[in-house]
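What follows is a single structure, written as structure tokens, with notes after it.
The values are calculated or read from the model by the stated rules, or taken from the named source; none is laboratory data. What you see is a predicted model, and the numbers here were worked out from it, not measured in a lab. Neighbour counts are summed over all protein chains in view; Cβ atoms, including those assigned to glycine, are modelled from backbone coordinates with ideal geometry. Please note that ligands, DNA and RNA were not included when accessible areas were found on the heavy atoms of the full protein model with its side chains. Shrake-Rupley method; radii C 1.70, N 1.55, O 1.52, S 1.80 Å.
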Amino acid sequence: MALEDVLTQFDAVIVGAGFAGLRALYSLRAMGKRVCVLEASADAGGVWYHNGYPGARCDVESYDYSYSFSPELEQQWRWTERYATQPEILRYIAHVVERFDLRRDILFNTRMRSACYDEAGARWCISAQDGRQWWARALIMCVGQLSTTKSPSYPDQDKFRGRVIHSGLWPKEPIDFSGQRVGIIGTGSSGMQMTPVIAEQAAHLTVFQRTANYSIASANAPVSDEEDRRIKASYRQRREQAWNSPSGLGFVPNKQSALQATPQEREQVYEQAWRRLGFGFALAYHDILLNQAANDTAVDFITRKIAAIVHAPVLRDKLTPRGHPFGARRPSVDSGYFQAFNRDNVELADLRQWPIVAFTEQGIRTQDRLHELDVVIFATGFDAFTGSLLRPEIKGRGGLTLAQKWSAGPLTLFGLAVADFPNFFIVGGPGSPSLLSNVLVSTEEQIDWLVQLLRHMDAHEQVEFEARHSAEHAWVEHVNERARQTLYLSTDSYYNGAEVAGKPRVFMPYSGGVRGYRRLLQNCAARAYEGFDLRGQPAAACADARPQSAAPPHG
Ligand code: NAP
């Protein structure tokens, strides 16, 4: 008999079989919970399943962007490159799925449509697009922060005779760009990663740039046997270092201010960081993301790096980021992005100067000319943080939907729980370190905490957990306060909802770091889950459990 026919009552339904969902499945199953994972795609991997574009790789080092829960797994898996490619990460995920026998509890090709909280039963009723339903005590959302793609729509787009592909929904079959005229719209991490690889294949590549992006040269290299042995011999220490670093990347930020160093010292520090740290370049001095003058010194260094690579002066000028501090929008880590523009077959279309007017049968018309194309790639990003959480209709107490609750911006406690939505848990939700951290570290941190919470509830025969409104408001205030101490608010970005027209302009990730975040979670647990109501009976009848029209603290 099929899984879906026999198992309709679960302790938890997990939505999403990416890194977070797989880890949640493993950990909850290890507790003896009856768990089922709903996954919209045909296989596991989440964003790594879908982002198979040429050049896709992780910009966190492989040994850190991997699970820490199993020392045996750590010892057995052999990474081949310092920064793993998407195919290697997918192989790792497949290995984890098989090794821990996770597949049997995952329903693939199953997209969640809605969930409704049954207040009397203290449980969720979860429905799939195809009408199947499941009951579960807890609903655990592991849907990712960058999983709902965002595509512009231009006049006459449907008339284009060529192919249109989104980087985040990359087709599974190999695409041969040889002899093709390719256009890439977007110069975030995805566009910057694919540009040099496609440039080598395509007859002609046009990169349509709206905003020039900062990027650090990738210090990628093959991992030697000696390096692999060395890392594995002290893997626990490496993990400890990552857990105790603010970013989860293991780098201890330089405590010095960029402004205290002499220009010569700075040059040396930046050069070393550039050669080795990748994303960690932003931590070369502690105040790069806090102070504009300090940031300017990093910008000056990066600008000179770009200038040394790009030969043509006009092109160099256009590719140089301006108008936003380094790191305030997500920078990229690239492998030859700027070098690609020295090739004869690569062209930059500056959309600030000549915006796109329309698609035509032949390609894209900008205000100055027609770009004839066979393929257009939208590397235009995602509806970040909230897109995949708001796609299904999730109804908490009194029929309040998550979309209604978050109409002025997301409200959460620790980015993982929501008042009026009992037994609802978000991994990597808005208000957690998520995209401002090594996301694997913050993911495991949250799931370990959830396991601890569920154990506590079992021991005390409790059936319902729910964030209190007061604690939720205090947390959102704290997230905003931490953001105000940084340069993140000084520009538009997907961190603050600017990537989607009409989206509430609220800073979403927690910038206080994974170490501080873990301390706060632990304090909460140590104080009997301060900020949460934990109940032995469903609170349906209690007046204080009904949805309150609380004024959102986003201001
Ligand atoms: P993104 O950073 O949001 O970049 C989207 C790009 O598309 C931007 O350059 C944006 O320009 C442009 N764009 C959007 N709408 C446009 C329009 N209507 N017309 C012209 N240009 C438009 O998206 P992404 O590159 O897919 O990256 C998203 C995130 O995924 C990254 O920041 C990173 O967190 C993650 N990622 C990680 C890795 C990794 O190595 N781990 C690799 C790839 C992606 P504007 O800037 O002007 O809006």
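Length gain on complete extension for the stretch ARG322 to THR80, per 0.36 nm per residue less the alpha carbon to alpha carbon distance? Walk me through the intermediate numbers first.
Details: separation 242, 0.36 × 242 = 87.12 nm, distance 3.61 nm.
Full extension from ARG322 to THR80 adds 83.5 nm.
With contacts taken as Cα pairs under 8 Å at a separation of at least 6 residues, region 248-342 carries a relative contact order of 27 percent. Note down the relative contact order for the chain as a percent, whole number, built from C-alpha pairs under 8 angstrom at least six residues apart. In percent, rounded to a whole number, it is 19. When you count the other C-beta atoms within 10 angstrom of each residue and take the mean per peptide, 526-537, 378-389, 243-254 line up highest first as 378-389, 243-254, 526-537.
Charge dipole of the chain (Cα centre as origin; +1 on each Lys and Arg Cβ, -1 on each Asp and Glu Cβ, all else neutral): 420 debye, rounded to the nearest 20. The helix-only estimate of mean residue ellipticity at 222 nm for the chain, built from DSSP H runs of length n ≥ 4 each weighted as -39500 (n - 2.57), is -9000 deg cm²/dmol after division by the residue total. The angle between the Cα long axis of helix 19-30 and the longest principal axis of the Cα atoms of the chain comes to about 30 degrees, rounded to the nearest 10. Computed about its Cα centre, the charge dipole of region 118-277 is approximately 220 debye, with only Lys, Arg, Asp and Glu carrying charge at their Cβ. Judged by the mean number of other Cβ atoms found within 10 Å, the most tightly packed of the peptides 355-361, 203-209, 174-180 leads the ranking 203-209, 355-361, 174-180.
Beta bridges from DSSP with both residues in the chain: antiparallel share about 40 percent, rounded to the nearest 5. Karplus-derived 3J(HN,Hα) values for region 305-322, using 6.51 cos²θ - 1.76 cosθ + 1.60 with θ = phi - 60°, are 5, 5, 4, 6, 9, 7, 6, 6, x, 5, 4, 4, 5, 5, 7, 7, x, 9 Hz; glycine and proline are entered as x.
Residue by residue, what Karplus-based ³J(HN,Hα) values in Hz, rounded to whole numbers, does region 73-90 have, using 6.51, -1.76 and 1.60 with θ = phi - 60° and x for Gly and Pro? Result, ordered by residue: 4, 4, 6, 7, 6, 10, 6, 9, 10, 4, 10, 6, 6, 4, x, 5, 5, 5 Hz. Calculated accessible area for the chain comes out at 40 Å² per residue, all protein chains present (probe 1.4 Å; ligands, DNA, RNA ignored). In region 157-378, the DSSP beta bridges split such that about 25 percent are antiparallel, to the nearest 5. Calculation over all alpha carbon pairs of the chain in 20 angstrom steps from 0 returns a P(r) of 21, 54, 24, 1 percent.
Each of TRP135, GLY516, ALA219 was scored by the projection of its Cα onto the charge dipole of the chain, and the greatest displacement toward the positive side belongs to GLY516; charges sit on the C-beta of Lys, Arg, Asp and Glu. Model label points for ALA120 and VAL500, set 7 angstrom from Cα along the Cα-to-Cβ axis, are 3.5 nm apart. Rounded, prolate or oblate, given the Cα gyration tensor of region 19-100, with a/c below 1.5 counting as rounded? Because a/c hits 1.5 or more and a/b fails to exceed b/c, region 19-100 counts as oblate. With all pairs of separate Cα atoms included, region 243-373 yields a Kirkwood hydrodynamic radius of 17.0 Å.
Its residue count N fixes a reference of 2.2 N^0.38 Å for region 157-378, and the Cα radius of gyration divided by that reference is 1.16. To put it simply, the accessible area of region 363-463 at a 1.4 Å probe is 44 percent carbon and sulfur. Taking other residues whose beta carbon is less than 14 angstrom from the beta carbon of TYR510, and scoring Lys, Arg as +1 and Asp, Glu as -1, yields +1.
For a modelled paramagnetic label at GLN367, 7 Å from Cα along Cα-to-Cβ, the residues of region 204-218 in reach, with backbone nitrogen under 18 Å, are 208-212. Straight-line reach from LYS405: taking Cα to Cα under 19 Å and skipping same-chain neighbours fewer than 8 places apart, the lysines in range are LYS395, LYS503.
Would you list, by chain and number, the lysines whose Cα falls below 27 Å from the Cα of LYS305, excluding same-chain residues fewer than 8 positions away? Candidates past the 8-residue exclusion: LYS255, LYS318.
Projecting the Cα positions of SER245, TYR49, LEU487 onto the charge dipole of the chain (unit charges on Cβ atoms of Lys, Arg, Asp and Glu, taken about the Cα centre) puts LEU487 furthest along the positive direction.
Peptides 21-31, 156-166, ordered by how many other C-beta atoms sit within 10 Å of their residues on average, highest first, read 21-31, 156-166.
What are the lysines whose alpha-carbon lies under 27 Å from the alpha-carbon of LYS172, with same-chain residues fewer than 8 places away excluded? Partners within reach: LYS150, LYS159.
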